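To keep things clear, I will list the structure first and then write my remarks on it.
Bear in mind these aren't lab numbers, they're just calculated from the coordinates by the rules spelled out. Source: prediction; values computed, not measured. Here Cβ is always computed from backbone atoms with ideal geometry, including for glycine, and neighbour counts include all displayed protein chains.
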Amino acid sequence: MKATITYSDTDYQIDFSKPIDISIPLINTDDNPIAWYLDKPEISPVVVEDWIGKVSEGKSSTNFNNIAFNPHGHGTHTECLGHITHDFYNVNESLREYFFFAQLVTISPEVQQDGDCVITLAQVKKVWTANHQKAIIIRTTPNELNKKHRKYSHTNPPYLCAEAATFLREQGIDHLLIDLPSVDREEDGGQLLAHKAFWKVTDTRHLNDDARLEATITEMIYVDDEVKDGFYFLNIQLASFVNDASPSKPVLYKII
Ligand SMILES: N[C@@H](CC(=O)c1ccccc1NC=O)C(=O)O
């Protein structure tokens, strides 16, 4: 199934039968990635006295699992500024459109003097190509497959510098996607500089009027090396959780 999309006075063709899923599947085994010091997610049948919600156990006609997981720590998720504010804002209301013109870029975070590995403003400027894109997908290198399974807690993963987040905001990016557990440093004393810069949050207690309620950040994606840098249409699929973050399935469509 093909579609022609008119965007910003240009016609683009995509093929809906060739989606490129850049989400990480969530599973209740050690294969699942983990961040923020959590244990693995739980997926297990409901048990009521001697009844167990698992067909193979012989008592139930259906498989009927409870799932316990954390959207921030257990895989691909999309979050809104409610992640960092005193008041409650939910991503289900922030994200009201699901298709975006997007640029996929690849960056090798640079080791700084303090040992941190950071995506710098200069690196982002170097790969940026202005083309009216509303979303950017940042793939970092090295891009080993084990990113889908990595245990990030206490590893101080790479992150995005606040100046780069500001630059992307100023270029008109509303949706930032990255293959790291956070755009900010694992332990930063709650500064959250890149989150704040991207969402333009200057006051987390009484949200400033120009804060970007509709902008989203998607973390812990995985983009295979086979997918080349360039422009795509991006579909952000979100589970309708009324929460600051929700598990998501971002999908790319190549322009043909
Ligand atoms: N760096 C923050 C913590 C943080 O960023 C965070 C903590 C728990 C769950 C998610 C987090 N950030 C996600 O982008 C801090 O040190 O307070």
Task: Whole-Hz ³J(HN,Hα) from phi, Karplus 6.51 cos²θ - 1.76 cosθ + 1.60, for the range 108-118, glycine and proline x - done: 9, x, 9, 6, 8, 4, 7, x, 5, 9, 10
Open item on the list: Past 31 Å, Cα to Cα: identify those pairs from Lys125/Lys147; Lys18/Lys148; Lys40/Lys126; Lys151/Lys196; Lys2/Lys196, in the order given.
Closed with: Lys40/Lys126; Lys2/Lys196
Task: Label-point separation, Ile256 to Phe88 (7 Å along Cα→Cβ), nm - done: 4.5
TODO: Mind running the shape call on the chain? Use the C-alpha gyration tensor, a ≥ b ≥ c as the square roots of the eigenvalues: rounded below 1.5 for a/c, prolate if a/b tops b/c, oblate otherwise.
DONE: prolate
TODO: Calculate the spin-label point distance for Asn156 paired with Val127, positioning each point 7 Å from the Cα along the beta-carbon direction, and give it in nanometres.
DONE: 2.3
Task: Nonlocal amide H pairs with Ser23, under 5 Å, H built at 1.01 Å - done: Tyr222
- [ ] Evaluate the relative contact order of the range 73-167 (contact order divided by residue number), counting alpha-carbon pairs under 8 angstrom at least 6 apart; express in whole percent.
- [x] 30
Open item on the list: For the chain, what does the helix formula give at 222 nm: sum of -39500 (n - 2.57) over DSSP H segments with n ≥ 4, over the residue count, nearest 500 deg cm²/dmol?
Closed with: -2500 deg cm²/dmol
Task: Relative contact order computed over the range 1-141 (Cα-Cα under 8 Å; 6+ residues apart), in percent - done: 15
- [ ] Taking the Cα centre of the range 87-196 as origin, work out the dipole magnitude from +1 charges on Lys and Arg Cβ and -1 charges on Asp and Glu Cβ, in debye rounded to 20.
- [x] 440
Open item on the list: For a test of the definition: using alpha carbon positions, the gyration tensor, and the 1.5 limit on a/c, classify the range 95-155 as rounded, prolate or oblate.
Closed with: oblate
Task: C-alpha center-to-center spacing [the range 2-64, the range 177-210] in angstrom - done: 27
Open item on the list: Given Cβ point charges of +1 (Lys, Arg) and -1 (Asp, Glu) and nothing else, what value in debye, to the nearest 20, does the dipole of the range 21-133 about its Cα centre take?
Closed with: 400
Open item on the list: Given an 8 Å cut-off on Cα distances and at least 6 residues of separation, report the relative contact order of the chain as a percent.
Closed with: 28
Task: Charge-dipole axis of the chain as Lys and Arg at +1 and Asp and Glu at -1 on Cβ define it, positive-most pick from Leu145, Phe69, Gln112 - done: Leu145
